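Below is one structure, written out as structure tokens; comments come after it.
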């Protein structure tokens, strides 16, 4: 079994070992209580957003990382072995002697395929692990994996002719560590009550905007800072995430607001009675007892007191949810969307190059140099635009929460009774989710059209649409599942959808090879 085949699974295979090791270190004993964490929630939220920006799905800024890896000579020995072929050209850096070629880009793009696959596929096992261990050990494991990954890249850069294969292990740990940090940060929104949706959208937006990190790193690299120094410092910063988690994140999972706001009121009352012998009147005391209880406890007690058969949201079998038409169609839609988004990010540099050279294999030296400059410029612009995910993510949250206040009961009394809500909550949630899903897919269609137009400046519009769709699509899908399916199926359905989309997105590697080979670099096919 080759190292390339193993590297896609090594990070997930060692997840439980990392969790056991973290427990043995005794860091769980240093954790704050839930009440202490609640007082620090704003610090935790702000720091989590920054950590998501710097350490989560940074691999989505692959275009900028690819330029740096080529400049550092990763897999350049493949070009040295084929120096007689016409498609070999020198790096843009004047002081670099490394060569670049199609074979090099194919192998490096395989690393991106592996890393992006793990980012999506790891959500299902992570959901199971977090249900069992809580977000704290997941976050500790994630920061450790990320720090290890960037340090491994720094080590491989010392002798890329020999150590280039380490890039596959590095991107595997990078993708796994990043999604661990993202997944654990989503639970923080439970501590913010009425603004929970806003905090959640900011977490998702910061995750989607993390693609801006590698373009930022490339800017520092272009200023002359050593590649090794950048990645060693970055690894040290990831260690600070580990320390922040030890100090501020509790062992217990953050309970949702509805799980701590329920109160049980037991009213003990009776009628005045005359004792049969003494004639003394005995009154029962009327008291009210309040205690915190979860939603399930409320349902249990209601069933016991009313004599009604006990029911729960889990009465619908999971197989029925999986086999429903809505879920199956969402799998097809999300798989195609994921493949479109991932392929564009992996092949963007070659697509931009084709717009300049129009696929001419014998392009003059001036045109080749111009194409490299344009690719470098546009990849930096694309990376910078990833911050739009953070700015536009509250918009999709607003669409998902449209007129939800009309679904609340009016506390004012009319003829001794509360006014019923104006709208059914579940119907409104489903309507909002459908609107958001249609709007996002409409943007995706427009994105596909702009990509087919042979105009380089117009690709800036494609960049904006790609960024917005990537920030919207997961929120839309999650909102649809939350509106249609029982809550105890939500996590598993989301993880299953993400896993299936990741498997389908693996097709981007053969598509990329096909584009560079038989299609001669023409992306329009």
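Observations on the model:
- All helices (runs of 4 or more DSSP H) inside the stretch 150-213 with 2 or more residues being touching a strand residue (DSSP E or B) at 6+ places or on another chain (Cβ under 9 Å): none
- Residue in the stretch 496-506 that is over 20 Å from the mean Cα position of the chain (by Cα) and either in contact (Cβ under 8 Å) with a residue 60 or more places away in the chain or closer than 27 Å to residue 429 by Cα (or both) present: no
- Consider the stretch 356-367 and keep the residues that are in a helix (DSSP H, G or I) and in contact with a helix residue (DSSP H, G or I) (Cβ under 7 Å, 6 or more places away or on another chain). The one that is nearest to residue 99 (Cα to Cα) is 367.
- Pairs where the first residue, in the stretch 372-386, is closer than 13 Å to residue 456 by Cβ and the second is modelled with pLDDT of 85 or more and not in a helix (DSSP H, G or I), C-beta under 8 Å, 6+ apart: 374/456; 378/456
- Any hit, the stretch 428-448, residues being exposed (fewer than 13 other Cβ atoms within 10 Å of the Cβ) and either over 26 Å from the mean Cα position of the chain (by Cα) or modelled with pLDDT under 85 (or both): no
The values are calculated or read from the model by the stated rules, or taken from the named source; none is laboratory data. Values in this document were obtained by computation on a predicted structure and should not be read as measured data. Here the Cβ is made from the backbone with ideal geometry for all residues, glycine too, and neighbour counts use every protein chain on show.
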